[in-house]
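K.L.:
My structure is below; once you've seen it, I'll send some questions.
The values are calculated or read from the model by the stated rules, or taken from the named source; none is laboratory data. Since the model is a prediction, treat every value here as computed from it, not as a measurement. Note that each Cβ is placed from the backbone with ideal geometry, even for glycine, and that neighbours are counted across all protein chains shown. Accessible surface is based on the protein model in full, side chains and every heavy atom, while ligands, DNA and RNA are left aside. Shrake-Rupley method; radii C 1.70, N 1.55, O 1.52, S 1.80 Å.
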Amino acid sequence: MTATILTQQFINGISLGSLYALVAIGYTMVYGILRLINFAHGDLLMVAAYAAIYAVTLLSLPWQISFPLVMILTGLFGILVDRVAYKPLRDAPRISLLISAIGVSFLLENLAIVLIGGVPKGFPRPDIFARVIDLWGLRIQVLTVYTPILTLVLLMGLLYIVHRTKVGKAMRAASKDFETTRLMGINLDRIIAVTFFLGSSLAAAGGIMWAMKYPQVNPFMGVIPGLKAFIAAVLGGIGNIVGAVVGGFVLGLGEILIVALFPQMAQYRDAFAFAVLILVLLFRPTGIMGEPITDKT
Amino acid sequence: MNDFFQLDNLVMQFGGLTAVKDFSIIIEPGELVGLIGPNGAGKTTVFNMITGFLTPTSGRVLWQGRDITGWPPHAVTAQGIARTFQNIRLFTDMTVLENVMVSFHHTIRSRFWKAMLGLPSHKREEKRIEKEARAFLEELHLGHLADEKAGSLPYGQQRRLEIARALAARPKLLLLDEPAAGMNPQETMELAKLVREIRDRRRLTVFLIEHDMKFVMGLCERIKVLDYGITIAEGSPSEIQRHPDVIKAYLGEPKHA
Amino acid sequence: MDTSTRNALCTILLLAVLAAVLYVFQKHGTEYQIRILNNMAIFITLAVSYNLVNGFCGILHLGPNAFITIGAYTSALLTMSPAEKQLSFIIEPLIWPLSVIQVPFAVSLIAGGIAATFFAFLISFPVFRVRGDYLAIVTLGFGEVVRVLCNAMQSLTNGPLGLKGLTPYTTLWWSWGVAVFTVVVITKLVNSSYGRAMKAIREDETAAKAMGVDPFKHLLLAFLVSAFFSGVAGGLLAHLITTISPTLFTFFLTFNLLIIIVVGGLGSTSGAVIAAALFAWGGEALRVVESPMNLGFITIPGIPGMRMVLFSIILMVVILFARRGIMGRSELSWDRLFTALRLQTKA
Ligand SMILES: Nc1ncnc2c1ncn2[C@@H]1O[C@H](COP(=O)(O)OP(=O)(O)OP(=O)(O)O)[C@@H](O)[C@H]1O
Ligand SMILES: [Mg+2]
C-alpha cells in the first residue's frame, strides 16, 4: 500500500465520517433532551434527498436555493414527526415511545415506496460537486473535499446557537435536567421543537450529500447511515454534540481504513460498526466524551 | 468486635461531591437505630451503599462476619438485609399478593425448567409461597387487599405494603427509608406501633431514616445524625435533642425546624 | 366437578377440536388454506416467545430475526442430505462435519433451537449491560451482524446463494404441535415464581433487585427461552418455504412480530396468539391491495408497499391511542370465560 493510496483513503474516511457526524448530531441532540433514539432520524436523509430531487427537477430551482430550502423543510418535518408520534407519549413507558419511533420509520419508508416507487432514482448532482481535481497527485472528487468543510461550517453554526443564544442555553439546561427545566417555567415544547428542527436540518444536509455521493436515492437509503450515525453518537458520548462529531469521524475513518488495510475484511464492513458499538458499551458505555451516567435510586 | 452488622469508614464521592464521609456504626441484633439529618445530608446514600446500589468509594460493609461491600443488591437481600424506598417503589401493576410473593422468589429451590413443565414439585413450592405470603399480609393487616392492584391502594397502605414486601424477603436487618413520609399523625403513630411490634415478634434489627422527629425520638433507642455527609452526633434520643451541633444543623435548615 | 378438573377437560376438548380442524384441512384444504394455517402457527410460536421478553420483562429486544435465521440455517443444514449439500455449495464446499451429517427433522428443529439459544447466550453479556434504547440498538445490530455473517461465511451458509430445495417437512401437525407446546410452556413459566420475578423487573427493576431478584439471571432466562423457540420456529419456516437466504429474515420480520405483540397487548400471551392469528390471515387477505384488482369495467393497479403502510399505521394508531392493544396485560382463561357466561345467564 502506497502512501498516496493511504492518503486518498484517509480523505475518503474523513468525508464519510463527516456525513455520519452530521446525522449523529441529530440523534445526540434529541437523545440529550428526550432520552429517545429517534429511529426515524435516518429516514429524514431519504425524505430530504427526494425533496431535493423534486425541488431541482420539478420546480427547477437552482441547487443553491433548493438545498437550503430542503434543509428548512426537513427541519419542519422533524418537528411534525415529534408532534404526531412522540409528543403524545411523553409520559408513557419508554418502550411505547421507541415503538412509535420504529413505526414512523417504517411508515416513511413504505410511504416512499407507495408514492414514489422502490426503484432507485438518480440524483441531479450539480456539476461543480462532481468535478475531480488533482491534489498533489491525488485524484479527488470535489464533493469529498466539500463534505467535511460544510460539516465543520454547520457545526460551528450549531455550536454558536447552542452556546451563545438563549434558546441554546435552555436546550442545554433541558438536556441536563429535564424535570427541573420544566419546573423553571421554560417552554419545553419550544425547546424540543428547536432541537428537532436543528437535528433534522442537519440530517437533511447529510442526506443531500449522501445522495450526491452515490448519486442515487431509494426509500431505504437512510437506514444504514442512520444506524451507523447513531453508533457514532454513542461512540462519542451520547448527548454530547462535539462527541457526536468525533464519533462520526472515528467511525467513518475506521470503516474505510479497515477495508483499505485488510481488503479481505470488506464483506464484514457493515458489521464493523456494530462491533464498535458492543465494545463501547462493554468497556466505556459513556463513550469517548460522555459524562458518567449516574442512576439515582 | 461485633460480628452482626458494622459499617466501617464508608465514603461516597460523586465526582467532586463527597456525599458521605467516614461513616461508621456498629449495630447489635435487635436494636432500633435511627439516622437523621437535613435534606441532602447523605442518609439515603448510606442505605444505598449498604444494599449494594452504590459501591462505596472506600470503607467496608461487614455483615455477620463477612465483608459484603459492593455485592449486588439481590445478593445482599438474599443475605438477610432488606430495605424500603424513600419514594415508594411498588410493582404497581401487580396485585398486593404478587408484590409480596416476589420477595419469596429468592427462597425458591425448584429450577426454572420444572416451572416450565409444571412439575408437581414446583407446584407444591408455588402453593407454599402463596400460603406464606397470604399469612404475611394478614399479619400486617393487609389480608383483605390481597387481590387489589398495588397501584390502586391509598398512600398510607402503599407505605405499609412496602414494609410488608421488604419483610417478606425474610431479613434479619430491615432498613426503612422515611417510612412515615407523607403520612398523617394518626398513620404515623400506627406505623411506629407496627415497627416496634414487628421488631419484637420477629426479633428483627431495624435501621431507619426519618424526618419526623416525634416518630424517631419515640421509636429509636439510638440515633445518628448526619450533616453534609459528616456524622455530627450520636446517642440516645434525649442526648440528641440537647446536642448543640444538631440544633445548629437543623436551625440552619428551617424546613425541618 | 371442581374447577381445575373442568378446566383440564375444557383444554383437552379445545385441543381435540384443533386436531380435528387440522386433520380436515390437511386432508381437504387448499394449498392456500394450509399455508395460512402454517403461517398462523409459526407466527403464534414467534409472537408468544418474543412477547416473553418484550411484554413480560418489559425490555425492547429487536433481534428475534437473528435467532430465527440461526435456527433456520442450522435446521436446514442438518436435514439436507450430504449429496444435496455438495450440489448446493458450489462456490466453497461446506465444512466438515456438517457436510456429512443428516438427521431427522425433529432433531434438526431442536438443534436449531439450541443453536439460537447458544448465540443468545453469547451476546447476552453486552446486551444486558444496558437497558432501554441501547438494548434495542444492540439487539438490532446483532440481527444485522448475523445477516452480514450469513452472506460472508460461504463455507457455512453458502453465502448470498442461500440453501435451496429443502424438503417441505413442515406440516400442520409440526407447526401447530410446536405452537401449542410453546404456548403451554411459556404460559407456565410466566405464571410461575420466575414469571413473577420477570414482571417485577418490568415494573421496577430497582425494587426487584432490592427484593432479591437478580435481573441478569431472569432477563437471561427469558431471552434464552425466547431464542430457543424462535430458533425452532426458524427451522419450521425453512422447511415450509424450502428456500432460505441471508436476506429472508430481516428486521422487517422483527417489525411484524413487534406489531403483533403490540396489537395483542404487550404482556399478554393470549393477546399474542390472537394477534398472530389475525396477522397471518389478514396479511394474506391484504395482499389484494398490492395486486391489480379487476372490477369488471376498470382495473385498479396494485400498489406495492401498501400493506406495510397499513401495518405501520396500525402499529402507530395502537401505540398512540390504544396502548393496551386487544388484551392489555390480561389473559383469556376458562375461569374468566365461565364467569362471563354465568353473568350472561343471570342477566
Ligand atoms: N447517584 C448519585 N449521583 C450523584 N449525586 C448523588 C447521587 N445520589 C445522591 N447524590 C447526592 O448526594 C447527596 C446526598 O444525597 P442523599 O439522597 O443521600 O440525601 P438524603 O440525606 O437522603 O436526603 P433527603 O432527606 O432529601 O432524602 C445529595 O447532594 C445528592 O444530590
Ligand atoms: Mg433520602
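K.L.:
Provide Rg and Dmax in Å for chain C, with only Cα atoms included in the calculation.
P.N.:
In Å, with Rg to one decimal and Dmax whole: 21.2, 72.
K.L.:
Let me have the relative contact order for the stretch C:3-346, percent, based on Cα pairs under 8 Å that are six or more residues apart.
P.N.:
It rounds to 28 percent for the stretch C:3-346.
K.L.:
Could you tally the net charge around B:L119, taking each other residue with its Cβ under 12 Å from the Cβ of B:L119, Lys/Arg +1 and Asp/Glu -1?
P.N.:
+3
K.L.:
Can you give the average number of partner chain beta-carbon atoms within 10 Å of each beta-carbon in peptide C:146-155, as a whole number?
P.N.:
Counting other chains' Cβ atoms within 10 Å and averaging over C:146-155 gives 3.
K.L.:
At a Cα cut-off below 21 Å, give the lysines reachable from C:K85, other chains included and same-chain residues fewer than 8 away excluded.
P.N.:
List returned: C:K164.
K.L.:
Can you list the trypsin sites (Lys or Arg not before Pro) in the stretch B:171-257 that are in a DSSP coil and have 10 or fewer other beta carbons within 10 angstrom? Intermediate values should be presented prior to the final figure.
P.N.:
On the way: sites: B:K172, B:K193, B:R196, B:R199, B:R201, B:R202, B:R203, B:K214, B:R222, B:K224, B:R242, B:K248, B:K255; in loops: B:K172, B:R203.
Filter output for the stretch B:171-257: B:R203.
K.L.:
Report the B-C buried area as the accessible area lost on both sides summed, probe 1.4 Å, in Å² to the nearest 100.
P.N.:
Buried area (both sides, nearest 100 Å²): 2600 Å².
K.L.:
Next up: Can you give me the relative contact order of chain A as a percent, contacts being Cα pairs under 8 Å and 6 or more apart?
P.N.:
37 percent
K.L.:
Using alpha-carbon positions, what is the distance between the centroids of the stretch A:149-228 and the stretch A:267-282, in Å?
P.N.:
First find each Cα centre; the distance between them is then 25 Å.
K.L.:
For the stretch B:47-110, what is Rg from Cα atoms divided by 2.2 N^0.38 Å, rounded to two decimals?
P.N.:
Working it through for the stretch B:47-110, the quotient is 1.28.
K.L.:
At a probe radius of 1.4 Å, figure out the A/C buried accessible area, summed over both chains, and give it in Å² to the nearest 100.
P.N.:
Numbers: alone 14770 and 17420 Å², together 28610 Å².
When A and C are taken together, about 3600 Å² of accessible area is lost.
K.L.:
Considering chain B as a Gaussian network with a 10 Å cut-off on Cα pairs, which listed residue, B:I247, B:I81, B:I209, attains the greatest mean-square fluctuation?
P.N.:
Highest fluctuation of the listed residues: B:I247.
K.L.:
Using only the Cα atoms of the protein assembly as shown, what semi-axes does the equivalent ellipsoid have when each is the square root of 5 times a gyration tensor eigenvalue? Give whole Å, largest first.
P.N.:
Calculated on Cα positions only, the semi-axes equal 50, 39, 26 Å.
K.L.:
A follow-up question, please. Provide, in order from the shortest bin, the percent of all Cα-Cα pairs of the stretch A:3-283 in each 10 Å bin, continuing until the bin that contains the maximum pair distance.
P.N.:
The percentages, shortest bin first, are 7, 29, 36, 22, 6, 1.
K.L.:
Within the set B:K127/C:K217; B:K214/C:K209; A:K87/B:K149; B:K123/C:K217; A:K121/A:K228; B:K131/C:K209, which residue pairs have Cα atoms separated by over 26 Å?
P.N.:
Flagged as over cut-off: B:K214/C:K209; A:K87/B:K149.
K.L.:
Going through the stretch A:16-92, which trypsin sites (Lys or Arg not before Pro) have at most 16 other Cβ atoms within 10 Å and a DSSP loop state?
P.N.:
A:R35, A:R90
K.L.:
Right, another one. So what is the accessible area of the stretch C:3-346 per residue, in Å², with the probe set to 1.4 Å?
P.N.:
Accessible area per residue, the stretch C:3-346: 41 Å².
K.L.:
Sticking with this one: Hey, what do the phi angles of the stretch C:170-182 turn into as Karplus ³J(HN,Hα) couplings, whole Hz, using 6.51/-1.76/1.60 and θ = phi - 60°, x for Gly and Pro?
P.N.:
My calculation for the stretch C:170-182 gives 5, 9, 4, 5, 5, 5, 6, x, 5, 4, 4, 4, 4 Hz in order.
K.L.:
Take the alpha-carbon centre of the stretch C:186-211, take the same for the stretch C:255-330, and report the distance between them in whole Å.
P.N.:
Cα centres, the stretch C:186-211 to the stretch C:255-330: 30 Å.
K.L.:
Under the Kirkwood approximation for Rh and a Cα-based Rg, what ratio Rg/Rh is obtained for the stretch A:65-109?
P.N.:
Values: Rg = 12.8 Å, Rh = 11.5 Å.
Answer for the stretch A:65-109: 1.11.
K.L.:
Here's a follow-up. Based on DSSP H runs of at least 4 residues, each adding -39500 (n - 2.57), what is the mean residue ellipticity at 222 nm of chain A after dividing by all its residues, to the nearest 500 deg cm²/dmol?
P.N.:
-24000 deg cm²/dmol, from helical runs alone.
K.L.:
Given the peptides B:125-131, A:39-45, arrange them by the average over their residues of other C-beta atoms within 10 Å, most packed first.
P.N.:
A:39-45, B:125-131
K.L.:
Compute the relative contact order of the stretch B:27-146 as a whole-number percentage, counting only Cα pairs closer than 8 Å that sit 6 or more residues apart in sequence.
P.N.:
Once divided by the residue count of the stretch B:27-146, the mean separation gives 15 percent.
K.L.:
Return the carbon/sulfur percentage of the accessible area of the stretch A:3-283, one whole number, probe 1.4 Å, all protein chains in place.
P.N.:
69 percent
K.L.:
Shifting gears a bit: Output wanted: per-residue J couplings in Hz (rounded whole) for the stretch A:26-36, from phi through Karplus 6.51 cos²θ - 1.76 cosθ + 1.60, θ = phi - 60°, x for Gly and Pro.
P.N.:
x, 4, 5, 5, 5, 4, x, 8, 9, 6, 10
K.L.:
Here's a follow-up. Enumerate the calculated ³J(HN,Hα) couplings along the stretch B:212-225 in order (Karplus 6.51 cos²θ - 1.76 cosθ + 1.60, θ = phi - 60°), each rounded to whole Hz, writing x wherever the residue is Gly or Pro.
P.N.:
Residue by residue, the stretch B:212-225 yields 6, 4, 4, 4, 5, 5, x, 9, 7, 8, 8, 9, 10, 10 Hz.
K.L.:
Taking a ≥ b ≥ c as the square roots of the Cα gyration tensor eigenvalues, with a/c under 1.5 meaning rounded and otherwise prolate when a/b beats b/c, else oblate, which class fits the stretch A:19-172?
P.N.:
It comes out oblate by the Cα gyration axes.
K.L.:
By how many nm would the segment from C:T243 to C:I313 grow when fully extended, if each residue of separation counts as 0.36 nm and the alpha-carbon distance is taken off? Mind showing how you got there, number by number?
P.N.:
On the way: separation 70, 0.36 × 70 = 25.20 nm, distance 3.06 nm.
The C:T243-C:I313 span can extend by a further 22.1 nm.
K.L.:
Considering only protein heavy atoms and a probe of 1.4 Å, how much of the accessible area of the stretch B:116-215 is carbon and sulfur, as a whole percent?
P.N.:
54 percent
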